[in-house]
Amino acid sequence: MKQFITFTLSALLFLTGCSENDTPVAPTYKGAEQALGNGKAYSWVKFSTDNIPTSIGFTLTKGALDNLPHGGVALVLSLPTEAVGKTPFDHIMLDYLHTGHEPPGVYDVAHFDMHFYMQSLAERKAIPIYDAAKAKFDNLPAAGYIPSPYIRLPAGVPEMGVHWADPRSAELAGTGKFTETLIFGSYDGKVTFIEPMVAYEFLKSSPNLTKAVPTPTKFAKAGYFPMKYSIKQVGDEIVVSLDDLMMMQ
């Protein structure tokens, strides 16, 4: 009888395409590809084997940093459908600025603004110029919702909002040039995005960076918040991600 039971179990495993050593695989879901330079960009979200989001980011394929227009790029990356509602993030916006932006001598070099937005595309697109909605731009999140010691940068940007920067970063502290930094954003009293801002030359230098994300002490609603962010060369590709997502209340 023992031999019969052993044979039956083996046959069942063979017929179902499984083995006794099979283990669950943590899935990664990929968003739609968008053309960028001579390559492509696409979003993705990784989950644990028990369907908990662990990392969200995007990939720039080989050639994506080549032949970028001097007039800049504004590219919206939709998240994969499997990720909708599973993280606080709604979409990713890649802005390439060939001559950078203000303040002069700080961020006026070629770089990418990589916004991970926590508001819908329609809400973001409705943000006007600063002078048309000063009250909403100047309605800042209450203490604790922006990590310390971040400071507000002047005015605000249409279709983005208010930007907050870390005064300890090399380019603001006067201890070095801008290579990469992490920006927070807000509009009308709410935190609306997390933004790795990365110099073009840094992306071309085979980066291998992982840093802690400054953590606020308060959150508007429960959700998975990143503990780290990464900017890495992986083979011929550049991968930028918000990692170690943790449920915050």
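Read-outs: derived from the displayed coordinates by stated rules, not from any lab. Please read all numbers here as calculations on a predicted model, not as lab measurements. So basically every Cβ, Gly included, is an ideal-geometry build from the backbone, and we count neighbours across all protein chains shown.
Can you pull the Rg over Rh of the range 39-179, Cα-only, Kirkwood? Rg/Rh for the range 39-179 comes to 0.98. As a proxy for reagent exposure, T49, T215, T61 were ordered by neighbouring Cβ count within 10 angstrom, fewest first; the result is T49, T215, T61. For the chain, the longest principal axis of the alpha carbon atoms and the long axis of helix 2-15 meet at an angle near 40°.
Under 5 Å between amide hydrogens, built in the peptide plane, is the criterion, and for E159 it picks out I127 among residues at least 5 positions away or on other chains. Using a Gaussian network model of the chain in which every pair of alpha carbons under 10 angstrom is joined by a spring, one finds that among D188, D90, D236 the greatest mean-square fluctuation is at D236.
Placing pseudo-labels 7 Å out from each Cα toward the beta carbon at K218 and T99 gives an inter-label distance of 4.1 nm.
Give me the log10 of I(q) over I(0) for the chain at q = 0.14 Å⁻¹, as the Debye formula computes it from C-alpha points; what are the numbers? So the normalised log intensities are -0.95. Under 15 Å from the Cβ of L121, count the other residues' Cβ atoms, weight Lys and Arg +1, Asp and Glu -1, and hand me the total. Spelling it out: positives minus negatives among the neighbours equals -2.
When +1 charges are put on Lys and Arg Cβ atoms and -1 charges on Asp and Glu Cβ atoms, the dipole computed for the chain relative to its Cα centre reaches about 440 debye.
Pairs exceeding a 18 Å alpha-carbon distance, out of K62/K177; K211/K232; K62/K86; K62/K232; K40/K204; K125/K228: K62/K177; K62/K86; K125/K228.
Mean sequence separation of contacting Cα pairs (under 8 Å, at least six apart), scaled by the length of the range 27-248, corresponds to a relative contact order of 18 percent. With a simple spin-label model that places each label point 7 Å from the Cα along the Cα-to-Cβ direction, the separation between D236 and T175 comes to 3.9 nm.
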